[in-house]
1. May I ask you to derive the FRET efficiency for B:Arg83 and A:Glu59 from their Cβ-Cβ distance with R0 = 51 Å, giving the value to the nearest 0.05?
2. Which aspartates and glutamates have a Cα lying under 12 Å from the Cα of A:Lys76, excluding residues fewer than 8 positions away in the same chain?
3. Between the alpha-carbon centers of segment A:73-151 and segment B:83-151, tell me the distance in whole angstrom.
4. In straight Cα distance, which lysines are under 22 Å from B:Lys63, not counting same-chain residues fewer than 8 positions off?
5. Non-local amide H neighbours of A:Ala201 (under 5 Å, H modeled in plane, Pro and chain starts lacking H): which ones?
6. May I ask you to evaluate 6.51 cos²θ - 1.76 cosθ + 1.60, the Karplus curve with θ = phi - 60°, for each residue of segment A:117-130 and list the ³J(HN,Hα) values in order in whole Hz, giving x for glycine and proline?
7. Rounded to the nearest 0.05, what FRET efficiency do A:Asp125 and A:Val71 give with R0 = 25 Å and r taken as the Cβ-Cβ distance? Could you check?
8. Excluding residues fewer than 8 places away in the same chain, name every one of the lysines whose C-alpha is closer than 22 Å to that of A:Lys155.
Amino acid sequence: MTRAKIAAIHKAANDEASYYDELEEIVRVDAGAGADRTGRTRTIAGRSALVLAERLYGEFVAVRLSQPFDVSLQRKQTLMDALIAALGGLVDYELADVTAAATFYIAETYMQFSRSLMESERPADLAPADLADYELALEEEAFPFEEQAIEVHQKNLELLQAGVFNAWTEKSLGHLAALVPGRYARDELSAGFLPSIETYAYRSPAADVPAVVAEDAASPVVAAELTIRPEPAPAVAPGGETQAETQAEMPAETERQVEAP
Amino acid sequence: MMRPARIVRSLSTAAVLLLLGLLVAAGTARGAASTNRKAELPEPTRVEVEAQPGGFVMTQKVKVSAAVQSDYDAAVRMVEQERYDSGIATLQQVTEQAPQATAAHINLGIAYARRGELDLAEDSLRRALELNPRHPVAYNELGLVQRRKGEFAAARRSYESALSVFPDFHYAHRNLGVLCDLYLGAPGCALEHYEAYARAVPGDEEVTKWIAELRNRTAQGGNP
């Protein structure tokens with residue numbers, strides 16, 4: 001039985017420790033395989049390494065920046081360094097989906113760090129004026145990480161535009177739409193359901209502007225009878241679903257799981 | 001219900017000359033269907049496309065019973081109320097009873113797409129295009145489905161097909177603009193179609209902002 005199958009059995013049995021041990025073994029064996037390394041072992045190892053990195057991401061997210069601030073900050077930074085290194089290593093597997101996933105998680109790591117700074121526990125003994133200065137200093141520290149998150153998500157968008165279409169590149173686009181709506185929130189339009197089984201009538205909205213009246217238009221009465229306006233349809237947000245569906249179905253990134261290799 | 005005689009009387013000579021693909025015979029779809037599926041196609045029907053000021057009217061004479069007509073109307077109400085399970089089941093019945101009814105296939109495709117069943121949506125929309133290869137709504141909705149499936153080049157062709165039927169079809173301009181902007185990284189194409197959309201929908205301030213942002217970005221040489 002292959003290690004991948006054994007890992008899947010552990011996962012199905014909710015034996016997390018054995019599951020992750022098996023994934024680590026898969027990664028270790030592939031890394032040391034030398035000439036015996038194949039495309040298949042590289043793919044399985046790459047996806048195993050992604051699952052391991054996701055576990056590390058979960059640990060990173062779980063660390064809250066509380067008082068004493070220096071202590072919790074050092075713990076979170078240490079985890080962030082390890083996480084960025086692990087995610088960066090995933091690119092070496094040269095698998096499009098794993099690379100896109102790693103890029104997505106690197107961006108989210110920066111974004112999560114930025115949010116953690118802003119949501120960190122404030123010192124209890126600050127005077128109001130000092131607290132205001134403290135908040136300002138936090139913002140100044142957090143903002144560059146948000147900018148880095150945007151830049152890394154944009155790398156995934158470049159992958160998307162180069163033809164790498166998967167859940168990760170789509171999710172990056174969805175996050176960009178939330179972070180930079182003026183640039184990336186672009187809703188598509190469905191024409192909507194056709195109310196008549198026989199007739200579809202289209203009339204450009206510009207034709208309804210009162211100032212624009214064509215001299216040779218049909219009489220208003222006839223035109224009104226002939227026009228069936230397409231019903232307004234829900235807009236489709238980047239990422240593919242209608243906006244309502246996107247909000248309902250978008251899981252928190254920490255809940256995202258990768259298929260067992 | 002529209003009366004053909006009145007339609008003809010309402011047309012000017014120029015409008016008659018602009019008739020878009022008058023009497024488009026069904027069954028001339030371009031190779032989208034397999035041989036087996038073509039064998040299942042219903043009797044050809046006639047589709048009339050009449051130019052109107054600022055638009056067009058596309059009419060397919062469909063002989064359906066009062067019961068099928070009632071089912072269709074009920075299905076439209078259901079899907080508009082987002083009752084997709086019952087709406088899709090009813091539309092399926094309509095397509096069985098009146099397989100030549102293009103509108104039923106289009107609505108079925110849209111309903112499947114709203115439910116995230118993209119392959120079924122694509123099948124229904126392709127069937128609609130087999131019946132009426134010039135239906136811009138079918139092309140527009142097919143483009144949306146193809147974009148969601150990551151088939152960007154195919155989506156572009158679908159939107160362009162919609163625009164070849166009616167060059168001012170604003171849905172296709174907007175969607176092709178978004179496709180070029182976000183998914184193809186083609187700012188020139190995006191700007192062209194955002195601007196065409198804005199001409200067709202002059203009150204859309206959101207797209208006006210998109211155009212300004214895109215012009216600003218391209219002036220700075222930036223993309224994506």
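What follows is calculated from the coordinates using simple rules that are stated; it is not laboratory data. Quantities reported herein were computed from a predicted structural model and do not represent experimental measurements. Positions of Cβ are backbone-derived with ideal geometry, glycine not excepted, and every protein chain shown enters the neighbour counts.
1. After rounding, the FRET efficiency stands at 0.70.
2. Here the aspartates and glutamates satisfying the reach criterion relative to A:Lys76 are A:Glu59.
3. Taking the Cα centre of each part, segment A:73-151 and segment B:83-151 sit 44 Å apart.
4. B:Lys38
5. Residues meeting the amide H criterion: A:Ile228, B:Met58.
6. 3J(HN,Hα) across segment A:117-130, in whole Hz: 4, 5, 9, 5, 5, 7, x, 7, 9, 8, 6, x, 5, 5.
7. Plugging the Cβ-Cβ distance into 1/(1 + (r/R0)^6) gives 0.90.
8. The qualifying lysines are A:Lys171, B:Lys149.
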